[in-house]
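Single-structure report; data block below.
The values are calculated or read from the model by the stated rules, or taken from the named source; none is laboratory data. Keep in mind it's a predicted model, so treat the numbers as computed, not measured. Here the Cβ positions follow ideal geometry from the backbone for every residue, glycine too, while neighbour counts run over all protein chains shown. SASA here: full protein model, heavy atoms, side chains in, ligands and nucleic acids out. Shrake-Rupley method; radii C 1.70, N 1.55, O 1.52, S 1.80 Å.
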Amino acid sequence: MRPVSSLSLSPSVKVRLVSAGFRFTSDLRGLKPLQLSKEASLSQPEALEVLQTVRRVVGGDEGGGGASASLTALELLQKEEEELRSIVTFSSQLDAALGGGLPVGKTIEICGAPGVGKTQLCLQLAVDVQVPSCFGGVGGQMVYIDTEGSFLLQRVVDIATAGVRHCSLLAEDDEQRVAMETFTVETILSNMFLVRCHDYVELLAELHLLPGFLSAHPRVRLLVIDSVAFVFRRLFDDLSQRTRLLNDLAQQLIAMATRHKMAVVITNQMTTRLRGGQSQLVPALGESWGHAPAIRLLLHWVGPQRMAAIFKSPAHMDSTIQYQITSEGFRDANQCEQPQSKRPRRHTNQPAASQRVTSC
Amino acid sequence: MDWHQLDLSPRITAAVRRAKLKCVQDVLCVSGLDLQRLTGLSRSDVQQLITAAATACRPHPPVPALLLHRGECRRLESGLRLSVGCPVLDELLRGGLPVGGVTELSGESGAGKTQLALQLCLSVQYPTQHGGLNSGAVYICTEDVFPSSRLQQLISDQSCLRSDVPPTLISRLQFSDHVYIEHTADLESLQVCLSRRVPLLLARGAVRLLVVDSVAALFRCEFQASDWLERTKQLLSFSSTLHHLSQEFNTPVLCINQVTDVFNSSDDTLGPLSSNVSPALGLAWANQVMVRLMMRRLQETVARGNQRSALRRLEVVFAPHLARDGRDAAVWREGVRGLTGSECTDVQH
């Protein structure tokens, strides 16, 4: 029972419906388009659109019929374990801190000062998402939106080559050896789709067109935007407009993450905030942007060491791990020589952590 | 914006005109509901409008990185690098300066930054098979007068520095004709230069390297401490212009920066420092830079024949494709040369 004025229709149509006496959605139930167009003096396509909107809205609210049936939390957990696997990285400490890897279906923000390794982590994830499922990976494709021009092919090839070498050292049974034939540097590069956006209008345009691309490429499991801050921090005289655009952007990204079952990784810069005479380093783009991503990772230096701190996450504790950037990519600090075996998680009643075989 | 160019029904085009929406930006920066209210169109019509506007803005779909690797997508990455003119330093930079971003070179006075910049102005003029870009350079001086006598000296000794290039090729190149020099004493003239004269030279293909020596000079002296908000705005506007030029014309941009002393060594925001100085202009500028290089002047000297030079070190502070590493170098009559392993032993303390 919703008032007609709250539906997402054009204002002139709503005025005509209300003046014809249809004030609530219950008044429109059971009508044929021809009847509605006569009574409310609408055109046929307009009447059809009204009835479709009502059907969709009513179906969602009352949970009766249609695609949007309600789920119990247990069903959701089972769905998550089967369908939404996490993206394992080559850094076991980061995987452990995130509870198995980068979760698919959520938005993750990576912030840090320049040079600390945000782009390196993004490039590493771009390769990690493609690791075949028999190695514990997701085996998906990815889209990389580059706004700074830091997607340099030399580095991508380095990381891809190291990833292939790491997996080929782990290949133990026939299934894995067969998978390695399709996991080469060339196939990794062919599954990475690159877009360059030079300003925020191009970025917004690209995000409007992306759902169409994702429907055509259902294997995409990761979207990286490196970085949102670069295009949104320039030339913005009207900060309220910027906040509004960022909120819209955040909603779009969250919707895309859930609908297309992919992880969305966004990179952010740091800025100084003065508070009571003290200056503090905080993520850029403002306070309201901080609510948008589900998980926030802060990369920072502690002396000569690089640390990654998880400072917002609904499912995990705040923790800090140490990492290093090597010629192979984003790795654990104090990495031991023997690569760790990663077995895929099978759906059982045991918690996932005990399934993983680690040797080090 | 000619709305007829987009593939929209006349009803939508008329509504857009009535709502006085002038360009694609107006359509994309407004939410769907606001657009419905402005134009009086229904939801599906507004979706069509947004999709058409977005397609006009982004004519190319996402491209697989494999095409870039094979060199089939020049639009996105050419893989070109601008050689510095010395094989040791090129090895540090994995080929040279990347062509599509802003590279910063900072260091104390006398470290050799201007020397390296002058050397790049000459190496850009060589053909691509010798690490150049077959074009000239624009050198914008903001503090000192351009060292033209030093440039002449470097030109006359090019065959000594570039032993990998056939001497006939070197003698055929008219180096001084292709280095365009601009002096800008304040921010306003710098903006004018970057928005009028430099794009003309780039569009004509006369230059493919832009050097700004130095960025710090204008931004440090023109603003009081309390004007830091205005300074940041101007800095962002300036770097935005540089990026735009770099990407539109596929041109490397080299910015020379000064350094500032670091008092509180526990402030490791930007990583461990190899000396007690850090690049000027702070975090706001550091966020705009893709490759950050630092040149240091050390205490030792190195001798070669009858020449002596203070030892320098060129370091990579951060870059997307380079490791944090450095190479020893020296400044000779023919230019800046990295020292190979055997030469390093000739260093005297």
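Summary of computed values
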{"quantity": "For the stretch A:4-65: accessible area per residue (Å², 1.4 Å)", "calculated": "56 Å²"}
{"quantity": "Most mobile of A:Ala257, A:Ala40, A:Ala73 in a GNM of chain A (Cα contacts under 10 Å)", "calculated": "A:Ala40"}
{"quantity": "The stretch B:94-239 - percent of accessible surface contributed by carbon and sulfur, probe 1.4 Å", "calculated": "50 percent"}
{"quantity": "Delta accessible area of at least 10 Å² on complex formation, residues of the stretch A:87-120, 1.4 Å probe, chain isolated as reference", "calculated": "A:Ala113, A:Pro114, A:Gly115, A:Gln120"}
{"quantity": "Averaged over A:191-202, number of beta-carbon atoms from partner chains that fall within 10 Å", "calculated": "6"}
{"quantity": "Reachable aspartates and glutamates from A:Lys32, criterion Cα separation under 15 angstrom, eight or more residues apart if same chain", "calculated": "A:Glu46, A:Glu49"}
{"quantity": "Nitroxide proxy distance, nm - points 7 Å out along Cα→Cβ at A:Arg16 and A:Met1", "calculated": "2.8 nm"}
{"quantity": "Whole-angstrom gap from the stretch B:196-274 to the stretch A:246-273, using each part's C-alpha centre", "calculated": "29 Å"}
{"quantity": "Nearest-10 value in Å² for the accessible area of A:Tyr323, using the 1.4 Å probe", "calculated": "0 Å²"}
{"quantity": "Mean ellipticity per residue at 222 nm, deg cm²/dmol - from DSSP H runs of n ≥ 4 across chain A, formula -39500 (n - 2.57)", "calculated": "-12000 deg cm²/dmol"}
{"quantity": "Along chain A, longest interval not containing exposed trypsin sites (Lys or Arg not before Pro), exposed being DSSP loop plus at most 15 other Cβ atoms within 10 Å", "calculated": "A:30-218"}
{"quantity": "Solvent-accessible area of A:Phe232 with every protein chain in place, 1.4 Å probe, in Å² to the nearest 10", "calculated": "0 Å²"}
{"quantity": "Average beta-carbon neighbours from other chains, 10 Å sphere, peptide A:140-153", "calculated": "5"}
{"quantity": "Paramagnetic reach from A:Glu81 (point 7 Å along Cα→Cβ, amide N under 19 Å) across the stretch A:304-327", "calculated": "A:315-316"}
{"quantity": "Percent accessible area from carbon and sulfur atoms, the stretch A:266-337, protein chains only, probe 1.4 Å", "calculated": "52 percent"}
{"quantity": "Calculated FRET value between A:Ser215 and A:Gln305, using beta carbons and R₀ = 35 Å, to 0.05", "calculated": "0.20"}
{"quantity": "Sparse-neighbourhood loop sites, GluC sites (Glu not before Pro) in the stretch A:69-178 - DSSP loop, at most 12 other Cβ within 10 angstrom", "calculated": "A:Glu83, A:Glu172"}
{"quantity": "Solvent-accessible surface ranking, highest first, for B:His130, B:His4 at 1.4 angstrom", "calculated": "B:His4, B:His130"}
{"quantity": "Spacing of the two label points (7 Å from each Cα toward its C-beta) at B:Ala310 and A:Gln241, in nm", "calculated": "4.9 nm"}
{"quantity": "Highest-fluctuation residue, A:Pro103, A:Pro283, A:Pro33 considered, GNM on chain A with Cα pairs under 10 Å", "calculated": "A:Pro33"}
{"quantity": "Whole-number accessible area per residue in Å² for chain B, which is evaluated in the context of all protein chains at 1.4 Å", "calculated": "45 Å²"}
{"quantity": "Gaussian network model of chain A, Cα within-10 Å springs - most flexible of A:Leu249, A:Leu153, A:Leu94", "calculated": "A:Leu153"}
{"quantity": "Pairs from A:Lys118/A:Lys312; A:Lys261/A:Lys312; A:Lys261/B:Lys20; A:Lys14/B:Lys20 whose Cα-Cα separation, in the structure shown, is over 28 Å", "calculated": "A:Lys261/B:Lys20"}
{"quantity": "Modelled label reach - B:Cys23, point 7 Å along Cα→Cβ, the stretch A:169-205 residues with backbone N closer than 19 Å", "calculated": "A:197-205"}
{"quantity": "The stretch A:4-65 - percent of accessible surface contributed by carbon and sulfur, probe 1.4 Å", "calculated": "54 percent"}
{"quantity": "Minimum 40 Å² accessible area buried by the other protein chains, the stretch B:64-107 residues, probe 1.4 Å, relative to alone", "calculated": "B:Pro64, B:Ala65, B:Leu66, B:His69, B:Leu76, B:Glu77, B:Arg94"}
{"quantity": "Beta bridges by DSSP in the protein assembly as shown, antiparallel share as percent, to the nearest 5", "calculated": "50 percent"}
{"quantity": "Heavy atoms of B:Cys73: accessible area, 1.4 Å probe, square angstrom to 10", "calculated": "20 Å²"}
{"quantity": "Threshold 20 Å² - residues in the stretch B:17-57 whose accessible area is reduced by that much or more when the chain is no longer isolated, probe 1.4 Å", "calculated": "B:Gln25, B:Leu28, B:Cys29, B:Ser31, B:Gln36, B:Gly40, B:Ser42, B:Arg43, B:Ile50, B:Ala54, B:Cys57"}
{"quantity": "Span-rule helices in chain A, defined as complete DSSP H runs reaching 20 Å or more along the axis (Cα) with Kyte mean at least 0.5", "calculated": "A:153-170, A:200-216"}
{"quantity": "Estimated buried accessible area (total), pair A and B, 1.4 Å, Å² to nearest 100", "calculated": "5000 Å²"}
{"quantity": "Solvent-accessible area per residue for the stretch A:80-332 (1.4 angstrom probe, square angstrom)", "calculated": "36 Å²"}
{"quantity": "Accessible surface, 1.4 Å probe, highest first, among residues A:Ser279, B:Ser275", "calculated": "A:Ser279, B:Ser275"}
{"quantity": "Two-site label geometry, A:Ala333 and B:Leu33: point separation in nm, points 7 Å out along Cα→Cβ", "calculated": "4.7 nm"}
{"quantity": "Average beta carbon contacts from partner chains per residue of B:282-294, 10 Å cutoff", "calculated": "4"}
